[in-house]
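What follows is one structure encoded as structure tokens, with my remarks underneath.
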Amino acid sequence: MHPKDLSLLAALDLLLTEGSVARAAARMNLSTPAMSRILGHIRDLTGDPIFVRAGRSLVPTPRAEAMRLPVRELVARARSILGNAGDLDLDRLDRTFTLRATDSFIGSFGPRLAGHLTTLAPKVRLRFVPQRDESVDDLREGQVDLDIGAISHTGPEIMTQTILSDRFVGVVRPGHPLSSGRITSARFSRQRHISASRRGRMHGPVDQALGSLNLSRNVVTIVPTFSDALLFARQSELVAVVPDRLTEVARQDMVSFPLPVETGLLIISQAWHPRFQADATHQWLRACVREICAEDTSSKQAYCKIQNNKIR
């Protein structure tokens with residue numbers, strides 16, 4: 001295959017992913033007219049329009065839809081074959097990584113991760129998208145490079161790796177009755193609580209632990225995210241229970257305390273499709289995520305160590 005054909009495959013991959021000539025052009029650092037010319041070449045080669053207009057938007061043709069996954073896999077395999085972690089030139093690496101993560105992870109680790117990546121690889125771009133559900137379709141289709149969170153269900157082929165473990169803490173506003181004094185299980189349970197659950201569940205590990213003591217929480221509000229729970233607790237008498245490290249930045253102006261019951265740890269993992277397992281740049285991305293999330297900064301492994309502008 002001619003190198004030009006590989007470039008066309010990469011362009012087709014982005015066109016099918018973005019569904020927009022302008023957005024695909026931006027990701028390839030090309031002008032929109034240049035990407036339109038590439039699309040014209042692809043149409044000539046395939047004998048298919050690839051996209052047709054539907055109102056103000058473009059929709060892929062049936063043949064384009066059929067090519068989506070094979071093209072994505074070909075591009076990933078080409079990167080894996082042609083790239084090698086031992087000679088990855090980070091100064092020249094030009095790639096956009098898409099990470100699906102919770103708002104808590106983005107707020108606590110996103111700025112450090114983005115700064116870390118762009119310091120090592122100035123042309124790398126990081127795109128965060130919200131974690132709305134546990135579907136692995138975006139990983140399979142290549143829409144997302146990494147899925148980061150408390151991952152409980154994945155497809156049989158999806159690869160996962162633990163990147164941090166977190167404990168839950170209680171959080172209240174300054175001046176709240178629990179902002180001072182010894183916090184017992186009984187005292188804790190008597191307060192009004194807010195629960196964070198993406199599925200709208202009222203009870204969780206805290207309630208199970210309290211139940212073993214014949215105690216129960218008075219949960220009066222349920223919100224979808226830990227960030228929402230902190231917003232409510234900051235402006236009310238409600239008690240929030242949130243992960244310690246994942247919300248460290250968001251609760252700096254609040255009072256935090258260890259829970260009076262044992263709830264176990266929250267395990268945060270990163271997940272990816274096996275097509276990226278041997279991809280040099282994806283290996284580097286995963287290594288950098290692990291490094292940023294390492295709990296003991298004095299004993300971090302040098303996952304992203306650079307020598308002569310190359311990863312080793």
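Being touching a Pro at 6+ places or on another chain (Cβ under 7 Å) and polar (S, T, N, Q) is a condition met by at least one residue of region 166-187. Of the residues in region 221-240, at least one is part of a strand (DSSP E or B) and crowded, with 22+ Cβ neighbours inside 10 Å. Total residues in region 261-286 satisfying the condition of being farther than 14 Å from Phe168 by Cα and in a loop (DSSP other than H, G, I, E, B): the figure is 4. In the condition set (1) surrounded by 13 or more Cβ atoms within 10 Å (Cβ to Cβ); (2) farther than 30 Å from Glu18 by Cβ; (3) out of contact with any Lys or Arg (no Cβ under 7 Å at 6 or more places or on another chain); (4) in contact (Cβ under 8 Å) with a residue 60 or more places away in the chain, Leu164 is compliant with all but (3). For Met202, the criteria (1) at pLDDT 95 or above; (2) over 30 Å from Arg290 (Cα atoms) hold in every case but one, which is (1). Arg100 meets the stated requirement of being within 23 Å of Ala280 (Cα to Cα), in contact with a Pro (Cβ under 8 Å, 6 or more places away or on another chain) and not in a loop (DSSP other than H, G, I, E, B). If you check Ser236 against the conditions, is it polar (S, T, N, Q), in contact with a Lys or Arg (Cβ under 9 Å, 6 or more places away or on another chain) and closer than 19 Å to Ser152 by Cβ? No: the conditions fail for Ser236.
The residue that is modelled with the lowest pLDDT, counting only those in region 262-294 that are surrounded by fewer than 20 Cβ atoms within 10 Å (Cβ to Cβ) and closer than 30 Å to Ser189 by Cβ, is Gly264.
Please enumerate the residues belonging to region 245-260 that are in a loop (DSSP other than H, G, I, E, B) and crowded, with 16+ Cβ neighbours inside 10 Å. I'd like the intermediate steps shown before the answer.
Let us first name the residues in region 245-260 that are in a loop (DSSP other than H, G, I, E, B), namely 248-254, 259-260.
Selection gives Glu248, Ala250, Arg251, Met254, Leu259, Pro260.
For region 28-78, a residue qualifies if it is of a type in the set (S, T, N, Q), closer than 23 Å to Gln143 by Cα and surrounded by 12 or more Cβ atoms within 10 Å (Cβ to Cβ), and the qualifying residues are Ser31, Thr32, Ser36, Thr61.
The values are calculated or read from the model by the stated rules, or taken from the named source; none is laboratory data. As the structure is a prediction and not an experimental result, all values here were calculated from the model. Every residue, glycine as well, gets a Cβ built from its backbone with ideal geometry; the counts of neighbours run over all protein chains shown.
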